[in-house]
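Worksheet for the structure shown next.
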Amino acid sequence: MTRSFLSHVFRFAPSPNGYLHLGHAYSALVNHEMAQAVGGSLLLRIEDIDIARCRPEFEQAIYEDLHWLGLSWEEPVRRQSEHFDAYAEALARLAQQDLVYPCFCSRGEVANILAEQPDWPRDPDSSPLYPGTCKHLSTSERLSRLAAGQPAALRLDMKAALAQVSARMGQKIGWREYGGGMQGREVTADPVLWGDAVLSRKDIPASYHIAVVVDDALQGVTDVVRGEDLFNATSLHRLLQILLDLPAPCYHHHELLRDAGGRKLSKSLRAKSLRTLRHEGLTPDEVKAQFGLPQRNFAFVP
């Protein structure tokens with residue numbers, strides 16, 4: 001996995017499903033500081049595959065908030081909703097390798113199946129691992145349901161995927177991590193934690209996991225800097241990168257900002273937005289001072 005980059009490409013990739021808060025500001029500023037430290041470039045990606053929740057006014061607010069912080073990025077901005085064809089192509093490649101299968105189950109049906117199994121394993125996002133109900137359907141049953149117009153998600157066949165990677169590589173997979181004081185140490189990936197992960201939903205033709213690995217490769221991202229809540233997702237991302245013959249970036253998972261109760265700042269918990277803080281009189285310099293920027297030193301790929 002050792003790679004020598006002539007230039008470094010970082011990216012900040014928010015979703016326009018709400019206003020940015022201080023946690024987003026921290027991640028954006030860390031990406032910016034690292035890019036400047038190594039003479040690299042910073043990209044902005046709008047992760048709006050969830051078209052039902054993402055709204056134009058939130059996207060416009062992202063640009064305004066980042067400009068207020070003093071950040072700039074290379075153009076054009078990549079908007080995921082404009083690239084579903086690229087994700088479909090990646091899914092088709094996995095299908096050609098018999099590594100995905102249609103899943104017709106709803107969340108409620110899965111919950112009912114596992115209702116009497118309280119100790120059933122869960123993935124890093126606390127969702128129960130899929131029990132494989134649709135994995136065992138016959139080909140004729142799958143085709144019949146699809147022909148009838150029954151909505152289906154696409155799931156990764158984790159067992160088949162790992163078998164293929166093992167046959168191709170003959171070794172464990174992993175990534176180079178620079179966050180948490182690891183300073184470039186190799187981390188062994190454990191994609192089994194995710195089970196047969198969803199790669200496209202019934203209502204959205206791509207999941208975060210497939211979109212992010214495709215985007216990073218197409219945009220030439222060399223250094224992925226994001227919150228530590230996505231540390232475990234990197235195991236699944238590395239597996240998909242190998243299956244799709246995509247390059248492996250280096251990773252830096254930074255600490256999360258938390259509220260007084262120890263919960264990470266999030267839109268769902270109504271963390272105070274940057275827009276609100278700005279209207280209350282907070283300045284960009286005061287935001288940076290809270291994070292120890294720009295004096296703070298970060299570990300990055302030399």
Checking Glu286 against (1) surrounded by 12 or more Cβ atoms within 10 Å (Cβ to Cβ); (2) outside any loop (DSSP other than H, G, I, E, B); (3) at pLDDT 90 or above; (4) not basic (Lys, Arg), the condition it does not meet: (1)
Unmet criterion (only one of (1) in contact with a Leu (Cβ under 7 Å, 6 or more places away or on another chain); (2) of a type in the set (A, V, I, L, M); (3) surrounded by fewer than 19 Cβ atoms within 10 Å (Cβ to Cβ)) for Ala189: (3)
Inter-residue pairs, beta-carbon under 7 Å, first closer than 26 Å to Ser7 by Cβ and in the range 226-255, second β-branched (Val, Ile, Thr) and part of a loop (DSSP other than H, G, I, E, B), 6+ apart: Arg238/Ile173; Ile242/Ile173; Pro249/Val221; Pro249/Thr222; Cys250/Thr222; Cys250/Val301
Positions within the range 197-244 being assigned to a loop (DSSP other than H, G, I, E, B) and in contact with a Pro (Cβ under 7 Å, 6 or more places away or on another chain), in sequence order: Lys202, Val221, Thr222, Asn232
Given (1) under 30 Å from Phe10 (Cα atoms); (2) in contact with a Cys (Cβ under 8 Å, 6 or more places away or on another chain), number of the condition Tyr130 does not satisfy: (1)
Enumeration of residues in the range 132-155 that are of a type outside the set (Gly, Ala, Ser), in a loop (DSSP other than H, G, I, E, B) and surrounded by 16 or more Cβ atoms within 10 Å (Cβ to Cβ): Leu137
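When the range 43-81 is examined, which residues are found to be in a strand (DSSP E or B) and free of Cβ contacts under 8 Å to residues at least 60 places away in the same chain? I'd like the intermediate steps shown before the answer.
First, the residues of the range 43-81 that are in a strand (DSSP E or B): 43-46, 74-79.
Those that are in a strand (DSSP E or B) and free of Cβ contacts under 8 Å to residues at least 60 places away in the same chain: Leu44, Ile46, Glu74, Glu75, Pro76, Val77, Arg79.
The values are calculated or read from the model by the stated rules, or taken from the named source; none is laboratory data. It should be emphasised that the depicted structure is a prediction, and the values quoted were computed from it without experimental measurement. Heads up, the Cβs are rebuilt from the backbone with ideal geometry, glycines too, and the neighbour counts pull from every protein chain shown.
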